[in-house]
1. Please go through the range 78-106 and pick out each residue that is crowded, with 21+ Cβ neighbours inside 10 Å and of a type in the set (A, V, I, L, M, F, W, C).
2. I'm trying to understand the selection: among the residues of the range 226-242, which are loosely packed, with under 13 Cβ neighbours inside 10 Å and under 20 Å from Glu173 (Cα atoms)?
3. Which residue, of Val48, Val4, is under 16 Å from Ile86 (Cβ atoms), in contact with a strand residue (DSSP E or B) (Cβ under 9 Å, 6 or more places away or on another chain) and crowded, with 22+ Cβ neighbours inside 10 Å?
4. Give all pairs with beta carbons closer than 9 Å in which a residue from the range 92-121 that is without any contact (Cβ under 8 Å) to a residue 24 or more places away in the chain meets a residue that is of a type in the set (S, T, N, Q) and buried (at least 19 other Cβ atoms within 10 Å of the Cβ); count only pairs at least 6 apart in sequence or on separate chains.
5. Which of the following residues is surrounded by fewer than 23 Cβ atoms within 10 Å (Cβ to Cβ), in contact (Cβ under 8 Å) with a residue 60 or more places away in the chain and closer than 25 Å to Leu168 by Cα: Asn75, Asn67?
6. Which ones in the range 174-192 are among the charged types (D, E, K, R), touching a Ser or Thr at 6+ places or on another chain (Cβ under 9 Å) and either more than 11 Å from Gly117 (Cα to Cα) or not assigned by TED's automatic domain parsing to the domain that holds Ser101 (or both)?
7. Considering (1) in a loop (DSSP other than H, G, I, E, B); (2) surrounded by fewer than 19 Cβ atoms within 10 Å (Cβ to Cβ), say which one Arg183 fails and leave the rest.
Amino acid sequence: MVSVIIPMYNASVTIERALESVVFQDYNGLKEIIVINDGSKDNSVEIVEQFIEKNKNANIILISQTNGGVSKARNSGLKIVKGNYIAFLDSDDAWITNKLSDQVKILENNSDIGLLGTGFEGFYFEKKLEGELINVKFKNLIFKNYFQPSTVLMRKNIIDKIGLFDELQKYAEEGNFFFRVSRVFNCCFYNKKLIIYGDGKMGFGESGLSANLKEMEKGELKNLKFAYKNSWINSIIYVVAVSFSILKYIRRVIIVELRKI
């Protein structure tokens with residue numbers, strides 16, 4: 001079974017599309033869809049309830065909690081999953097029809113892979129073959145985040161081994177999680193565009209948490225400090241990685257400001 005966790009906060013405009021993209025996957029195996037309402041103040045809950053009523057065989061579970069952030073929402077889902085595979089889907093993203101079937105097939109044929117991410121429009125490797133599997137090690141993640149949560153499919157034993165998301169971290173929380181996973185498990189990137197990322201918006205500076213570039217940067221720097229304190233990187237790599245991160249932050253700020261002109 002594949003357990004799909006969808007954190008939801010004020011997602012009335014996009015949540016139905018996200019749910020449809022899961023329900024109508026061409027994957028023939030069992031699925032459970034866990035929607036965590038993280039204290040939404042709009043009519044997101046009503047939309048999900050109506051969707052459940054229309055799709056009674058879709059095995060959708062709706063859980064509501066007070067607002068605690070995306071990490072807490074994902075953790076609430078992770079604590080009750082039944083599947084041997086776990087997938088995440090942000091409420092403003094959607095999956096291409098063959099997303100799950102492609103990923104499950106790869107994991108079933110490669111028992112050494114623990115976590116598998118995919119590409120999306122704006123993030124894949126043009127110089128690599130489409131469908132190529134690219135091994136992503138911890139040292140690669142120090143300088144580049146290869147895994148957007150909505151692209152990931154992973155084995156449940158990862159949670160049993162490395163634990164949950166850090167609920168105290170509101171920004172770049174997925175970076176901390178993928179750092180910890182990549183230290184223990186083999187992670188790969190499937191070079192194929194299999195999700196629709198936020199209606200084609202950029203990965204930063206437009207909406208949601210990613211709109212706050214300064215806090216995003218603080219989160220990334222916190223992840224690097226976490227890796228350094230755990231002796232996963234030495235002082236030289238730490239200084240280089242921090243400098244590189246700050247340069248990326250400056251570039252993002254410039255891009256956002258230029259788009260305003």
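The values are calculated or read from the model by the stated rules, or taken from the named source; none is laboratory data. Worth saying up front: this structure is predicted, and the values here are computed from it rather than measured. Ideal geometry is used to build each Cβ from the backbone, glycine not excepted, and the neighbour counts take in all protein chains shown.
1. Of everything in the range 78-106, those that are crowded, with 21+ Cβ neighbours inside 10 Å and of a type in the set (A, V, I, L, M, F, W, C) turn out to be Ile86, Ala87, Phe88, Leu89, Ala94, Trp95, Leu100.
2. Within the range 226-242, Lys229, Asn230, Ser231 meet the criteria.
3. Just one listed residue meets the conditions, Val4.
4. Between residues of the range 92-121 that are without any contact (Cβ under 8 Å) to a residue 24 or more places away in the chain and residues that are of a type in the set (S, T, N, Q) and buried (at least 19 other Cβ atoms within 10 Å of the Cβ), there is no close pair.
5. Only one candidate passes the filter, namely Asn75.
6. Glu174
7. Of (1) in a loop (DSSP other than H, G, I, E, B); (2) surrounded by fewer than 19 Cβ atoms within 10 Å (Cβ to Cβ), only one is false for Arg183: (1).
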